[in-house]
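Here is the structure we will look at, set down as structure tokens.
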Amino acid sequence: MKKILTIALLASTTIITSVQAQKLPTPSIGIVAQATLDQSAALQSIVKQVEAKRSEIQKELAKYEKDLKEEDKKLADEQKTLSEKDFAPKRQAFEKKVREIQEKIEIRRIQMELGVDEAKKKVYQTFLQVAEEVRKDAGANIMLYKETIVTADPNFDLSSKVLEKLNKALPTVQVNFKSEDEVKKLLKQQAQPTAQPKS
């Protein structure tokens with residue numbers, strides 16, 4: 001009986017020790033606003049570059065629209081005097097030009113989208129690194145988004161420190177807009193069917 005009690009005691013001690021070893025640390029929480037990203041100097045630099053690029057594209061598109069309207073009017077006048085045989089090649093050439101311009105518009109859209117996504121990723125990656133540094137400096141072991149919390153003491157809010165450090169680490173980001181050839185190559189790759197593995 002004594003032997004059984006000794007074994008049981010040893011077993012219970014092992015279980016208690018195991019439970020104690022798995023005990024989690026006491027939470028020490030820091031919070032940061034998601035808006036910190038939008039307020040950062042780096043993201044503001046992206047916005048300025050995108051606005052400049054958008055203005056450039058709008059001017060380009062306005063010229064295309066003007067040229068197409070003029071050609072369309074000219075075609076309408078020529079259609080009155082030309083035979084269907086003579087008019088057909090002119091109409092086909094115009095339709096081809098319209099398709100080319102539509103392709104250019106799509107390329108411009110993709111250039112903007114890819115450039116912005118790539119630049120924003122750089123800001124977000126730096127934001128995560130900086131938030132981790134601020135968390136450690138504050139002695140916190142958890143960092144949560146402010147927007148996910150109903151209410152909290154303002155002393156938990158580390159947003160201003162994260163923003164200050166983010167602006168120092170990454171004051172600006174260059175938005176790289178891919179060339180037309182790069183976008184065309186990318187579209188071509190996406191259009192190719194993925195090879196199915198042989199069964």
By residue number, the members of the stretch 146-194 that are among the basic types (Lys, Arg), more than 27 Å from Gly30 (Cβ to Cβ) and without any contact (Cβ under 8 Å) to a residue 24 or more places away in the chain are Lys185, Lys188
For Ala131, the lone unmet condition from (1) at pLDDT 95 or above; (2) surrounded by fewer than 17 Cβ atoms within 10 Å (Cβ to Cβ) is (2)
Name the residue that is modelled with the lowest pLDDT, counting only residues in the stretch 154-181 that are of a type in the set (Lys, Arg) and either within 18 Å of Ala52 (Cβ to Cβ) or crowded, with 16+ Cβ neighbours inside 10 Å (or both). Lys178
Looking at the stretch 75-90, can you tell me whether even one residue there is surrounded by 14 or more Cβ atoms within 10 Å (Cβ to Cβ) and among the β-branched types (Val, Ile, Thr)? no
Is it true that some residue in the stretch 21-34 is without any contact (Cβ under 8 Å) to a residue 24 or more places away in the chain, assigned to a helix (DSSP H, G or I) and surrounded by 12 or more Cβ atoms within 10 Å (Cβ to Cβ)? no
Looking at Ala62, Ala33, can you tell me which residue is closer than 30 Å to Asn155 by Cα and at pLDDT 90 or above? Ala33
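Given the structure, is Lys122 surrounded by 13 or more Cβ atoms within 10 Å (Cβ to Cβ) and either modelled with pLDDT of 95 or more or more than 19 Å from the chain's Cα centre (by Cα) (or both)?
So Lys122 passes the test.
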Considering each residue of the stretch 91-119, count those that are surrounded by fewer than 17 Cβ atoms within 10 Å (Cβ to Cβ) and either assigned to a loop (DSSP other than H, G, I, E, B) or under 11 Å from the mean Cα position of the chain (by Cα) (or both), and give that number. 3
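The values are calculated or read from the model by the stated rules, or taken from the named source; none is laboratory data. Everything numeric here is computed off the predicted structure, so don't read it as measured data. All Cβ positions, even for glycine, are placed from backbone atoms using ideal geometry, and neighbour counts span all protein chains on display.
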